[in-house]
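Engineer: Would you mind keeping the following structure in view while I ask a few things?
The values are calculated or read from the model by the stated rules, or taken from the named source; none is laboratory data. Being a predicted model, the structure only gives us computed values, none of them experimental. With ideal geometry, Cβ positions are generated from the backbone for all residues, glycine too; neighbour counts draw on all protein chains shown. Protein only, heavy atoms only, side chains kept; ligands, DNA and RNA dropped before computing areas. Shrake-Rupley method; radii C 1.70, N 1.55, O 1.52, S 1.80 Å.
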Amino acid sequence: SQLEAQGSIFQTSSDTEVLAHLIRRGGFATHKKRLKNALSMLKGAYAFLIMTETEMMVALDPHGLRPLSIGKLGDDYVVASETCALDIVGAKFVRDVEPGELVVINDDGITSEYFSMSSQRAMCTMEYIYFARPDSNIEGINVHTARKNLGKQLAKEVTIEADVVTGVPDSSISVAIGYAEATGMPYELGLIKNRYVGRTFIQPSQSLREQGVKMKLSAVRGVVEGKRVVMVDDSIVRGTQLRDTTEYLYNSGARAVHIRPACPPIMYGCPYLNFSRSTSDMDLITRRVIRKREGENDINMLETYSDPDTPEYNAMVEEIRKELNFTSLRFNRLDDMLQAIGLDSDKICTYCFNGKK
């Protein structure tokens, strides 16, 4: 709004264009100084790679909410959002870009400086749970290993009688494998993903998300028929996918469907990455359930409902279970999730679970 008031005309709907306008309006002599000034004006999560005719400039937001890695391919440098991309092209991992860091790569080599002095790593938890590929390493932690540990931690929470473990493809497969290993239950491909359908959480409307879910997954009757199924998923945001997926399993003959999300209940819409595509916190199934119980006072009760040791938390989980038609529902606790991932609480963002930035 500020840029438009000053005469900027936007050509796209991408928020990345804001940076281009800020650079263009910068009153400094060099491109690097204009870029540093522009970056210092931005709030939120970003990982930029800016090309000029003579150099490549790379910047990460002061909180380092997203991963960004530098690799070397022969004598040349490459940059990628995940380390798995470096492996694919045969590049050797050099290091991660630090929060608030600006890296400049040109014919003279690589240089680095900071455009923000208040740089503190707060990696998005969802990178480990959902976004990243299993063969990537973030902050030196392998994503597949972290997800297996999340599954093993889930298995410690409550012992249930079941016959088979399956995961919602693709992000939950590693978690399901960890759960199966810890419980001794067999892991099976109870769900098959249509590879030609993208991630449904980014669809702009609820009707399109529901249509996408129906096209995205199908149950394997030969695996789940007559079985008590533990279905592991990465998270529950609105509940659209899990509700329909549970119905697929029941319709394919499953006797019971026990749901085990890898993370705690999501209580707050992300203000940085908008991974839930929510325009309001009320899109979250947790907030809908709490508002039914508390009315307009729901915001004052969030801390209580976030605490697994309170009756309110257990009541919320039970309401979600009934609404989505699960046989049982148990979430990972926040402390257990952080322990499974292997990062200290001051190096990872948990805002969507506890509201703490």
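Engineer: Once the other residues with Cβ under 12 Å from the Cβ of Glu161 are scored (Lys, Arg +1; Asp, Glu -1), what is the net sum?
Structural biologist: +2
Engineer: How big is the dipole moment of the range 70-120 about its Cα centre under a simple scheme where the beta carbon of each Lys and Arg is +1, that of each Asp and Glu is -1, and everything else is neutral? Debye, nearest 20, please.
Structural biologist: Dipole size: approximately 140 debye.
Engineer: With every protein chain kept in place and ligands, DNA and RNA left out, what is the accessible area per residue of the range 282-357? Probe 1.4 Å, answer in Å².
Structural biologist: I get 51 Å² per residue for the range 282-357.
Engineer: Along the positive direction of the dipole of the chain (beta-carbon charges: Lys, Arg +1; Asp, Glu -1; about the Cα centre), which of Thr183, Ala254, Gly151 reaches farthest?
Structural biologist: Value: Ala254.
Engineer: Can you tell me which of Arg243, Arg24, Arg288 moves the most in a GNM of the chain? Springs connect C-alpha atoms under 10 Å apart.
Structural biologist: Largest GNM mean-square fluctuation: Arg24.
Engineer: Report Rg(Cα)/(2.2 N^0.38 Å) for the range 312-357, keeping two decimals.
Structural biologist: 1.41
Engineer: Stokes-Einstein diffusion coefficient for the range 280-357 at 4 °C in a medium of 1.567 mPa s, Rh from the Kirkwood formula over Cα pairs: what value in µm²/s?
Structural biologist: Estimated diffusion coefficient is 95 µm²/s.
Engineer: Determine Rg/Rh for the range 1-44; Rg is computed over alpha-carbon atoms and Rh is the Kirkwood hydrodynamic estimate from the same atoms.
Structural biologist: Across the range 1-44, the Cα-based Rg/Rh ratio is 0.95.
Engineer: Setting aside same-chain residues fewer than 8 positions from Lys72, which lysines have a Cα under 22 Å from its Cα?
Structural biologist: Lys92
Engineer: With labels modelled as points extended 7 Å from the Cα through the Cβ direction, what inter-label distance (nm, one decimal) is found for Asn354 paired with Glu247?
Structural biologist: Spacing of the two 7 Å Cα→Cβ label points: 3.7 nm.
Engineer: On a 1.4 Å probe surface of the protein chains, which of Asp335, Asp108 comes out largest in accessible area, and what is the full order?
Structural biologist: Ranked list, largest accessible area first: Asp108, Asp335.
Engineer: State, as an integer percentage, the relative contact order of the chain based on alpha-carbon contacts under 8 Å between residues 6 or more apart.
Structural biologist: Dividing the mean separation by the residue count of the chain yields 13 percent.
Engineer: Continuing with this model, one more query. Please report the Cα spread of the range 73-180 along all three principal axes, rounded to whole Å, starting with the longest.
Structural biologist: Between the extreme Cα coordinates on each principal axis of the range 73-180 lie 63, 34, 17 Å.
Engineer: Wrap a convex hull around the Cα atoms of the chain, take a quarter of its surface area, and give that in square nanometres.
Structural biologist: The directionally averaged projection comes out at 20.1 nm².
Engineer: Could I ask something else about it? Using unit Cβ charges (K, R positive; D, E negative) and no other charged atoms, how large, in debye to the nearest 20, is the dipole of the chain about its Cα centre?
Structural biologist: Dipole of the chain, to the nearest 20 debye: 680 debye.
Engineer: With an 8 Å Cα cut-off and a minimum separation of 6 or more residues, compute the relative contact order for the range 89-137 in percent.
Structural biologist: It comes to 26 percent, rounded to a whole number.
Engineer: Counting Lys +1, Arg +1, Asp -1, Glu -1, what net charge surrounds Asn142 among other residues with beta carbon under 13 Å of its beta carbon?
Structural biologist: Net local charge, Asn142 excluded: -2.
Engineer: Could you point to the residue in Leu324, Tyr130, Ser235 farthest towards the positive end of the chain's charge dipole, with +1 and -1 charges on the Cβ of Lys/Arg and Asp/Glu respectively?
Structural biologist: Sorting the options by dipole projection puts first Leu324.
Engineer: Tell me, what does the Kirkwood hydrodynamic radius of the range 216-352 come to in angstroms if you use every pair of distinct C-alpha atoms?
Structural biologist: Evaluated on the range 216-352, it is 16.0 Å.
Engineer: Only four residue types carry charge here, +1 at the Cβ of Lys and Arg and -1 at the Cβ of Asp and Glu. Report the dipole size of the range 25-150 about the Cα centre in Debye, rounded to the nearest 20.
Structural biologist: 500 debye
Engineer: Here is a further query. Using 0.36 nm times the number of residues separating Val94 and Asp15, minus their current alpha carbon distance, what extension gain do you get?
Structural biologist: Additional length available on full extension: 25.5 nm.
Engineer: Also: Helix-derived [θ] at 222 nm for the chain: sum -39500 (n - 2.57) over DSSP H runs of at least 4, divide by residue count, nearest 500?
Structural biologist: Per the formula, -10000 deg cm²/dmol.
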